[in-house]
Amino acid sequence: MNNPQLNRDGGLQHLLTTEGLPARIVRDILDTAATFLDENSSKDIKKVPLLQGKSVFNVFFENSTRTRTTFEIAAKKLSADVVNLNIGSSSTSKGETLLDTVDNLCAMHADMFVVRHASSGAAHFIAQHVAPEIHVINAGDGRHAHPTQALLDMYTIRHYKKEFHNLRVAIVGDVLHSRVARSQIHALTTLGVPEVRVIAPKTLLPTMVENLGVRVFHDMAEGLKDVDVILMLRLQNERMQGAALPSAQEYFKNYGLTEEKLAYAKADAIVMHPGPMNRGVEIDSHVADGAQSVILAQVTFGIAVRMAVMATLVGGSKR
Amino acid sequence: MNIHIKNGRVIDPKNQLDAQRDVYIVDRRIAAVGSAPQGFVADQVIDATGLCVMPGLIDIAARLREPGFEYKATLESEMNAAAAGGVTSLACPPDTDPPLDEPGLVEMLKHRARNLNLARVFPIGALTYGLKGLELTEMIELSEAGCKAFSQADAPLTDTRVLLRAMQYAATMGYSVWLRPQDSFLAKNGVAHDGIVATRCGLAGIPVSAETIALATMLTLAKDTGVALHICRISSAAGVELIRAAKQQGIKVSCDVAMNHLHLSEMDIGFFDANCHLVPPLRSLRDRDALRAALHDGTIDAICSDHTPVDEDAKLSPFSDAEAGATGLELLLPLTLKWAAQAGVPLLDALARVTLQPAQLLGIAMGHLSVGAHADVCIFDIDASWRVQPSALKSQGKNTPFNGYEMQGKVRYTLLAGEVVYQAQ
C-alpha cells in the first residue's frame, strides 16, 4: 500500500489525512505557518507571492461557509487566484458523477483542489483521478478526515504548550461521526503526545477506538483529570433521532464542558473547539468565552496553517 | 459426437477418483472412464496430457443481471465468463428486475440460457413477491418452471411471521429456503465490517451481530419447521459457530461462503478500494481464518463465486457510494485451488466444494463423472499461472478485488453436455 499523499521523493503531493503523515512534514507545516504570522501581533497575516499565478479551486460538495472562507483567505494571502464552487447537490442531482465533475474541473486548469464531500474516502478518490500535477487538499470527507483542522489544532497546542511530549490531551464528544477527531488522534500520536484520551458515551465511540492509540473514558471527572488540552467536538442534532442520545439536555449535563467540569483539568489547561459551537449542548458559554478558551485563536492560526499546507504542496512537488 | 479425453488426471470427488484415466463421451454423456467402451470411435480427441479433468464447476451464486440490468451485464457475456471459468452449472439469485417471482420470467430466463448453450442455468425463485418480504410467491408454479430453491437474495425479510410461514410452506412442498443472514436494522447504511478499518476510515459499520442475530432467528425457525435451510454467504467466525452448533443439533442447515471472503479481509480495503466493497462486508482476519477452517471441516458446504458484475461507472465513486459486488465466475476455480494449496486440503476434498456439494444443495444430477452422467467437464492446467487482468475477463463486470493477483490453475477446455463450449487460446 503506497501512501497516496506522498510523491516519489517523500514530499507532500496531496493532503488527505493525518494518518501516516510523517512527523517531519507535520513539523515543517507548523514551522512554515509560524512564518506567516507576524512576530509582534499574532493576529496579522502577511500577504506573500508564493502562489502567484496559481489557481486554487474550492470544491465543496457539502455546505460550509467557515472552512471554505478560511481556505479562500489563505489562498488569497498567498496571491493565488481562487475559484469557489459550491457544488452541493446540484451537479449530482443532474446526474453528473463525481468523476465527471472532477474531470471538468481538471480541464479548467486548476493547480489545487480543496475538496469537501459527505462520503468518507472522497478525497482519496479525487486524488487518484486528478491529473498528476494537481494537488488535492481534503477539507473534510464524511467521517474520515479533516487534516487541516487537526494541523491547526496542533499549531494552537504548540503555541500555548510549546511541546507535545509531556501532554495529556482529551477529545470530548461524538468521536464516532467525527472526521476532526480521527485526524486529531493521528496528528497527536504522530507528534508524540504520550496520552490521548477520548471521553464520550459508548453510543458516540467507534468500535475498537482504543486501537487508534487512545484511552477511553465515559466519565468527564475521570477523563478530564489532569489534562493539559481539551478538544471539544461538535454534536450534531440528528444524533438524537438515531437513538445515540436521549436529549441535548442530558448530554450537556453529563458531557457538556462547564466551568465545574473544566476544574478537573489542570489549572492552565486550554479549551479548543473546531466550530461552529452549540452553546449549551457541548460547551457552556462561560467556558467558550472564558480565559482558558483559545477557540478564536484557532481560527486565526487556521489561516496560517492552511497557507502553510498550500505552500508545502506547491514546494513539495518540486523536490 | 464421440469425444475421447486422453491421458488426463481425472479428479472426480463423487467417485473418489484421482488418477490418470481416459474419459469417453458418447451421445452427450460419460460413456466410460478408464478403457474405451466397445466399438468406441472418437470424433474428437482432446489430449489432456499434463492436465486435470474434473466435473464442470457448479456455482450456486452467480448474478447474470437479466432481466433488468443489461447495462451491467448480459446473459451472453456472463455465460461466456462461466464457460471460461469451467463453470457448467450455475444458480442465479432472484434479485433481477423484475425479481424472479413469476413462472413466466423463470421460463424466459431458462429459455434464453438454453439457446446460448454455454452453461446450465438454475434459477432460485423469489421467496416473496417482489422480494418485499410480505406475501409468498407461488412456489409450486415457480418450481415447475424450473426454480431449484427460494430466496430473498439480499432483500430483507424483517417480518418473522412471514419468515415462519415461508419456511412452513416450503417445508410442506419439500423446497429449500436460501437466506443470507443480516439484520436490516443493525446493517442500516453500513458499508464495511464494524471493526478497526471502518473505525480508521470513518466508514459506517455492519457489526457481526447483524449476522448472528439473523442467523439465530433463521435457525430457530428452521428447527421448528423442519425446512431445509441454506445459509448464503456466511461471513463471520461467530456465524460459523452458530451453524456448527445447529448442524450438531440435527437442524437441516447447509451453508456457503463466497470465494472473496476466503481470501480477503477488511484489511484489503486499504485506502478505500471500492473493489473491496462487497456484500456481506469483508470481515476481520480472525473471521476469515474461521471461514477457511469451517470450509475444511465441512461446516461450510460449498464455495461460490458470488459473481456480481457491476458496470464500471458504478464503481467509480468513493467507497460508500460505489456499488457493492465483484465479478467472479472466472476466478472460482483458481481461488478454490489457492485455498486448497494454502490450507493443505487434498484436491478431491477441495473440488467437492465446487462440484458435488453444490449439486447436492441444488438437487441436480451434475457435478460428477460417473458413467451415464451428463458430460459437463472442466479440463484445466493446475500448473499454469496467470495474472488477473480485468480487461482480459470475459465478464462484462471488470471489477475484482483480485485485480493484478497471481493465480495458479487455468481452464483449457470446458465441455457442456459433450460439446466443447470453451477452449483457451
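The values are calculated or read from the model by the stated rules, or taken from the named source; none is laboratory data. Just so we're clear, the structure is a prediction, and the values are computed from it rather than from any experiment. Glycine gets a Cβ as well: all are built from the backbone with ideal geometry, and neighbour counts include every protein chain shown. The accessibility values were calculated without ligands, DNA or RNA, using every heavy atom of the protein model including side chains. Shrake-Rupley method; radii C 1.70, N 1.55, O 1.52, S 1.80 Å.
Could you check the range B:217-267 and list, in sequence order, the residues that are among the acidic types (Asp, Glu), crowded, with 19+ Cβ neighbours inside 10 Å and over 20 Å from the mean Cα position of the chain (by Cα)? Break it down stepwise before answering.
If we filter the range B:217-267 for residues that are among the acidic types (Asp, Glu), which is where we start, we get B:224, B:241, B:256, B:266.
Next, from what is left, pick out any that are crowded, with 19+ Cβ neighbours inside 10 Å: B:256, B:266.
The answer is B:266, and nothing else.
Can you name every residue in the range B:50-78 that is touching a helix residue (DSSP H, G or I) at 6+ places or on another chain (Cβ under 9 Å), in a loop (DSSP other than H, G, I, E, B) and open to solvent by 10 Å² or more (accessible area, probe 1.4 Å)?
Selection gives B:63, B:65, B:66, B:67, B:72.
With B:418, B:363, B:397, B:409 as the choices, which residue is within 22 Å of residue B:90 (Cα to Cα) and at pLDDT below 95?
Values: B:418 fails: at pLDDT below 95; B:363 fails: at pLDDT below 95; B:409 fails: at pLDDT below 95.
That would be B:397, the only listed residue that is within 22 Å of residue B:90 (Cα to Cα) and at pLDDT below 95.
Just checking, how many residues over the range B:79-98 are open to solvent by less than 10 Å² (accessible area, probe 1.4 Å) and touching a strand residue (DSSP E or B) at 6+ places or on another chain (Cβ under 7 Å)? Give the steps one after another, and end with the answer.
The initial filter retains those residues of the range B:79-98 that are open to solvent by less than 10 Å² (accessible area, probe 1.4 Å), namely B:79, B:81-83, B:85-92, B:94.
Next cut, touching a strand residue (DSSP E or B) at 6+ places or on another chain (Cβ under 7 Å) only: B:82-83, B:85-92, B:94.
Of the residues in that region, 11 qualify.
Within the range B:344-356, how many residues are small (Gly, Ala, Ser) and out of contact with any helix residue (DSSP H, G or I) (no Cβ under 6 Å at 6 or more places or on another chain)?
So in the range B:344-356, the residues small (Gly, Ala, Ser) come out as B:344, B:350, B:352.
With out of contact with any helix residue (DSSP H, G or I) (no Cβ under 6 Å at 6 or more places or on another chain) added as a condition, the list becomes B:344.
Residues in the range B:344-356 being small (Gly, Ala, Ser) and out of contact with any helix residue (DSSP H, G or I) (no Cβ under 6 Å at 6 or more places or on another chain): 1 in total.
Answer yes if at least one residue in the range A:143-155 is touching a His at 6+ places or on another chain (Cβ under 7 Å), assigned to a loop (DSSP other than H, G, I, E, B) and closer than 27 Å to residue A:127 by Cβ, and no otherwise.
The answer is yes; a qualifying residue exists.
Does any residue of the range B:391-406 turn out to be open to solvent by 20 Å² or more (accessible area, probe 1.4 Å) and of a type in the set (Phe, Trp, Tyr)?
Yes, the range B:391-406 contains at least one residue that is open to solvent by 20 Å² or more (accessible area, probe 1.4 Å) and of a type in the set (Phe, Trp, Tyr).
If residue A:280 satisfies all but one of (1) open to solvent by 60 Å² or more (accessible area, probe 1.4 Å); (2) farther than 21 Å from residue A:150 by Cα, what's the number of the condition it fails?
(1)
Results for (1) modelled with pLDDT of 95 or more; (2) part of a helix (DSSP H, G or I); (3) touching a Ser or Thr at 6+ places or on another chain (Cβ under 8 Å); (4) under 29 Å from residue B:167 (Cβ atoms), shown as yes or no for each residue.
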{"position": "B:199", "(1), (2), (3), (4)": "yes, yes, yes, no"}
{"position": "B:215", "(1), (2), (3), (4)": "yes, yes, no, yes"}
{"position": "B:224", "(1), (2), (3), (4)": "yes, yes, no, yes"}
{"position": "B:229", "(1), (2), (3), (4)": "yes, no, yes, yes"}
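Tell me which of these residue B:186 doesn't satisfy, since it passes every other one: (1) in contact with a Ser or Thr (Cβ under 8 Å, 6 or more places away or on another chain); (2) buried (at least 19 other Cβ atoms within 10 Å of the Cβ); (3) aliphatic (A, V, I, L, M).
(2)
So in the range B:294-320, with the set limited to residues that are in a loop (DSSP other than H, G, I, E, B), hydrophobic (A, V, I, L, M, F, W, C) and facing chain A (nearest Cβ under 10 Å), which one is most open to solvent (accessible area, probe 1.4 Å)? Let's see the steps before the verdict.
From the range B:294-320, those in a loop (DSSP other than H, G, I, E, B) are B:298-301, B:305-306, B:308-311, B:316-320; that's our starting set.
Narrowing the set further to residues that are hydrophobic (A, V, I, L, M, F, W, C) leaves B:300, B:310, B:316, B:319.
Next, from what is left, pick out any that are facing chain A (nearest Cβ under 10 Å): B:316, B:319.
Details: B:316: 57, B:319: 1 Å².
Among those that are in a loop (DSSP other than H, G, I, E, B), hydrophobic (A, V, I, L, M, F, W, C) and facing chain A (nearest Cβ under 10 Å), it is B:316.
When residues of the range A:71-86 are filtered for being at pLDDT below 95 and of a type outside the set (A, V, I, L, M, F, W, C), how many remain? Walk me through it before giving the result.
Going through the range A:71-86, the residues at pLDDT below 95 turn out to be A:83-86.
In the following step, the residues that additionally are of a type outside the set (A, V, I, L, M, F, W, C) were identified as A:84, A:86.
Total satisfying the criteria: 2.
Inspect the range A:198-221 for any residue being part of a helix (DSSP H, G or I), away from chain B (no Cβ under 14 Å) and open to solvent by less than 30 Å² (accessible area, probe 1.4 Å) and give the result as yes or no. Show your work before the answer.
To start, the set of residues in the range A:198-221 that are part of a helix (DSSP H, G or I) comprises A:202-204, A:209-212, A:220-221.
This time we only want the ones that are away from chain B (no Cβ under 14 Å), so: A:220-221.
Next cut, open to solvent by less than 30 Å² (accessible area, probe 1.4 Å) only: A:220.
Within the range A:198-221, one or more residues are part of a helix (DSSP H, G or I), away from chain B (no Cβ under 14 Å) and open to solvent by less than 30 Å² (accessible area, probe 1.4 Å).
Has the range B:8-22 got any residue that is touching a residue at least 60 places away in the same chain (Cβ under 8 Å), in a helix (DSSP H, G or I) and either touching a strand residue (DSSP E or B) at 6+ places or on another chain (Cβ under 7 Å) or open to solvent by 40 Å² or more (accessible area, probe 1.4 Å) (or both)?
yes
Here's the yes/no breakdown for (1) closer than 21 Å to residue A:105 by Cα; (2) within 21 Å of the chain's Cα centre (by Cα); (3) at pLDDT 90 or above:
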position: A:30; (1), (2), (3): no, yes, yes
position: A:33; (1), (2), (3): no, yes, yes
position: A:36; (1), (2), (3): no, yes, yes
position: A:43; (1), (2), (3): no, yes, no
position: A:54; (1), (2), (3): yes, no, yes
position: A:59; (1), (2), (3): yes, yes, yes
position: A:88; (1), (2), (3): yes, yes, no
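Only residues that are over 17 Å from the mean Cα position of the chain (by Cα) and at the interface with chain B (Cβ under 10 Å from one of its Cβ atoms): list them for the range A:1-28, please.
Matches in the range A:1-28: A:1, A:2, A:3, A:4.
Kindly establish whether residue B:214 is among the aliphatic types (A, V, I, L, M) and either under 19 Å from the mean Cα position of the chain (by Cα) or surrounded by 19 or more Cβ atoms within 10 Å (Cβ to Cβ) (or both). Quick ask: steps written out before the conclusion?
Working: among the aliphatic types (A, V, I, L, M): yes; either under 19 Å from the mean Cα position of the chain (by Cα) or surrounded by 19 or more Cβ atoms within 10 Å (Cβ to Cβ) (or both): yes.
Taking the combined requirement at face value, the residue satisfies it.
Inspect the range A:244-258 for any residue being closer than 26 Å to residue A:17 by Cβ and away from chain B (no Cβ under 14 Å) and give the result as yes or no. Working first, answer last.
Step one: of the range A:244-258, the residues closer than 26 Å to residue A:17 by Cβ are A:244.
Next cut, away from chain B (no Cβ under 14 Å) only: none.
No, the range A:244-258 has no match at all.
Here is a list of conditions, (1) open to solvent by 10 Å² or more (accessible area, probe 1.4 Å); (2) in a helix (DSSP H, G or I); (3) modelled with pLDDT of 95 or more, and residue A:251 meets all of them except one; can you say which number that is?
Against the list (1) open to solvent by 10 Å² or more (accessible area, probe 1.4 Å); (2) in a helix (DSSP H, G or I); (3) modelled with pLDDT of 95 or more, residue A:251 comes up short only on (1).
Pairs, please: C-beta under 6 Å, at least 6 apart or cross-chain, first residue at positive phi and in the range A:134-148, second assigned to a strand (DSSP E or B)?
Qualifying pairs under 6 Å: A:140/A:116.
Go through (1) part of a helix (DSSP H, G or I); (2) within 22 Å of residue B:85 (Cβ to Cβ); (3) not acidic (Asp, Glu) one by one and return the number of the condition residue B:354 breaks.
(1)
From B:14, B:72, which residue is charged (D, E, K, R) and in contact with a Leu (Cβ under 6 Å, 6 or more places away or on another chain)?
Working: B:72 fails: in contact with a Leu (Cβ under 6 Å, 6 or more places away or on another chain).
Only one candidate passes the filter, namely B:14.
Return the residues of the range B:201-211 that are part of a strand (DSSP E or B) and at the interface with chain A (Cβ under 9 Å from one of its Cβ atoms); say none if nothing qualifies.
Initial filter on the range B:201-211 (part of a strand (DSSP E or B)): B:205-206.
If the condition is that a residue be part of a strand (DSSP E or B) and at the interface with chain A (Cβ under 9 Å from one of its Cβ atoms), then B:205 is the only one that fits.
Would you be able to tell me the number of residues in the range A:165-195 that are surrounded by fewer than 24 Cβ atoms within 10 Å (Cβ to Cβ), more than 11 Å from chain B (Cβ to nearest Cβ) and not in a loop (DSSP other than H, G, I, E, B)?
The total comes to 4.
If you check residue A:159 against the conditions, is it open to solvent by 10 Å² or more (accessible area, probe 1.4 Å) and within 14 Å of chain B (Cβ to nearest Cβ)? Talk me through it step by step, then tell me what you get.
Details: open to solvent by 10 Å² or more (accessible area, probe 1.4 Å): yes; within 14 Å of chain B (Cβ to nearest Cβ): no.
No; evaluated as a whole, the condition is false for this residue.
From the list A:137, A:126, exactly one residue is within 11 Å of chain B (Cβ to nearest Cβ) and not in a loop (DSSP other than H, G, I, E, B). Which is it?
On the way: A:137 fails: within 11 Å of chain B (Cβ to nearest Cβ).
It is A:126.
If you go through the range B:104-125 one residue at a time, do you hit one that is among the charged types (D, E, K, R) and open to solvent by less than 20 Å² (accessible area, probe 1.4 Å)?
no
How about the range B:163-173: which of its residues are in contact (Cβ under 8 Å) with a residue 24 or more places away in the chain and either touching a Cys at 6+ places or on another chain (Cβ under 9 Å) or open to solvent by 20 Å² or more (accessible area, probe 1.4 Å) (or both)? Don't jump to the end; show me each part of the working.
Restricting attention to the range B:163-173, the residues satisfying the condition of being in contact (Cβ under 8 Å) with a residue 24 or more places away in the chain are B:163-171, B:173.
Within the range B:163-173, B:164, B:165, B:168, B:169, B:171, B:173 meet the criteria.
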